[in-house]
Amino acid sequence: MARQKTAYVCNDCGADYTKWQGQCTACNAWNTLTEVRLASAKTSTNEARNVRFDGYAGGANQQAVVSLSEVALGEMPRFSSGAGELDRVLGGGLVPGSAVLMGGHPGAGKSTLLLQTMCYLAEQMPALYVTGEESLQQVAMRASRLGLPTGQLKMLSETSVETICETAQALKPKVMVIDSIQVMHMADVQSAPGSVSQVRESAAYLTRFAKQTGTVLFLVGHVTKDGSLAGPKVLEHMIDCSLQLEGSADSRFRTLRSHKNRFGAVNE
């Protein structure tokens, strides 16, 4: 029986190494490397590369070198989320195929904001809300308390990324919410949900699916005590927009900030 391969992944930046070392040379953090088991490769190197990068700009079939002035310019298609302030922070609305990461402290209102948005969008287009932390009954109770229209919104309680994408492939939603990315897992990744490798690979798989199908993808993310997003830093590089919902327990107001936006300004 072949010995299973292992790697060491930095918990802060997601860099991987073949052997353990005290300091991550990518981000200079100390004692952040964690051992993970690698899944055995089932395809050749070329096939694995194509699958890994399929859906990203770097995986496109266009290989010819062109002048920048020859690139065709077009208006970015957008549609409204139904929430004017959310549209403004996103740069004017939702872009098909975009991946949006929404972070915030527990109780900030991430799930509530997205549930309100999805109930509105479901009245106009197919929408899928995937909950991995709360039960369907808990989500239904919140929607009832807020008086939201729930007749058209499709719900799924699942944490397997492969199962979620298979379901979404059949339903063909225009908008999908994953709540949250920290509880998702993939069968080929030999580590616990919430680990660096699981979060990284799950987010990459879901982002590729969104770009291949033109689905707007919302990923709910946890934050650490210092307010930064939990998980590998590479997660913020994968997505198109990074939003943070802020608010204090003694205030009824919430502030939604944009820290990264490939389709608009980040000063909203």
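Since every read-out is calculated from the coordinates, none of them should be taken as a lab result. All values reported here derive from a predicted model rather than from experimental measurement. Note that we place each Cβ from the backbone using ideal geometry, even for glycine, and neighbour counts take in every protein chain shown.
Overview of values
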item	result
Residues of the range 80-97 with amide N under 19 Å of the 7 Å Cα→Cβ point at A265	84-95
Charge tally in the Cβ shell below 15 Å around A265, where Lys, Arg are +1 and Asp, Glu are -1, A265 excluded	+1
Residues H105, H259 arranged by fewest to most Cβ contacts within 10 Å	H259, H105
Virtual spin-label span in nm between Q23 and E133, 7 Å along Cα→Cβ	3.6
Efficiency of FRET between L73 and Q169 - r from beta-carbon atoms, R0 25 angstrom, step 0.05	0.20
nm² value of the averaged projected area, convex hull over the Cα atoms of the range 136-260	9.1
Karplus (6.51, -1.76, 1.60) ³J(HN,Hα), θ = phi - 60°, over the range 201-216, in Hz, Gly and Pro reported as x	6, 5, 5, 5, 5, 5, 5, 4, 4, 4, 6, 5, 9, x, 8, 6
Proximal charge balance of G92 [Cβ under 15 Å; K/R count +1, D/E count -1]	-2
Proxy reagent accessibility, fewest Cβ within 10 Å first, across T255, T117	T255, T117
Within-15-Å neighbourhood charge of R142 [Cβ basis; K, R +1; D, E -1]	-1
Peptides ranked, highest mean first, by Cβ atoms within 10 Å: ranges 204-213, 64-73	204-213, 64-73
Stretchable slack from F253 to E158, in nm (0.36 nm times residue separation minus alpha-carbon distance)	31.1 nm
